[in-house]
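Notes follow the structure.
The values are calculated or read from the model by the stated rules, or taken from the named source; none is laboratory data. None of the values given here were measured: they were computed from a predicted structure. Glycine also receives a Cβ, built like all others from the backbone with ideal geometry; neighbour counts cover every protein chain displayed.
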Amino acid sequence: MALHRGRLPKKIEIRGVRELTKDDLEVLREKRTTPVVQKLRDPHHALARYIASGMKINLAAERSGYSYARALVLHADPTFQDLVQVYRGKVNEEWVKAQDDLQRLAVSNMVKAERMLAEKLDDMDEAGETPSIREIVAITADRMDRFGYGKKTTNLNLNVDFAAKLERAIQRSGKTIDATPAEPPQQLRRI
């Protein structure tokens, strides 16, 4: 049985026993990549179409609802690259124009809805009425993440001690640095 990549068959059949050779072990040096995309969904197809149309990744990510970082991860995935190739021949100028029209219509509808909501809230305020707590929370919760106030806050404290890392790297290399400090310039000595 030769070494190979991927999952082993459920039923393993041993046909013989032999000693390993260097060639057998070369398989272990090959870079293994696990696919990022397990199952292609509609947002994957949308992102792939945008990229296949020649759109920059940041704009394609924005239009398809992905973060830029996630779009980059997907773009590097072989399965996703195959999907982009499938759409390369199918995406044409009419599709791109239709997507632009759809984007404009969606933004227009969102603006109208926000305006109507503002008018409704103003009317209720003038009449001395207040929406229920549930309605108020629903209105604000759905929008706050768009302004940087997400439901979850993640703080990342990163302490980097460059000097300590450099010292450890030098120790690992087995080399030493033999240096004497340079004389400071004349202007600095007077201070």
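So the values come out like this:
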{"quantity": "Residue among 163, 182, 138, 169 that is modelled with pLDDT under 80 and in a helix (DSSP H, G or I)", "calculated": "163"}
{"quantity": "Yes/no for residue 89 being over 20 Å from residue 142 (Cβ atoms) and at pLDDT 80 or above", "calculated": "no"}
{"quantity": "Output for the range 40-54, where each listed residue is part of a helix (DSSP H, G or I) and surrounded by 14 or more Cβ atoms within 10 Å (Cβ to Cβ)", "calculated": "44, 45, 46, 47, 48, 49, 50, 51, 52"}
{"quantity": "Odd one out for residue 58, checked against (1) surrounded by fewer than 16 Cβ atoms within 10 Å (Cβ to Cβ); (2) under 18 Å from residue 98 (Cα atoms)", "calculated": "(2)"}
{"quantity": "Failed item, numbered, when residue 128 is tested on (1) at pLDDT 85 or above; (2) assigned to a helix (DSSP H, G or I); (3) exposed (fewer than 11 other Cβ atoms within 10 Å of the Cβ)", "calculated": "(2)"}
{"quantity": "Helices (runs of 4 or more DSSP H) completely within the range 55-98 that count 1 or more residues being polar (S, T, N, Q)", "calculated": "57-64, 78-88"}
{"quantity": "Of all residues making up the range 78-122, the number that are hydroxyl-bearing (Ser, Thr, Tyr) and farther than 23 Å from residue 41 by Cβ", "calculated": "1"}
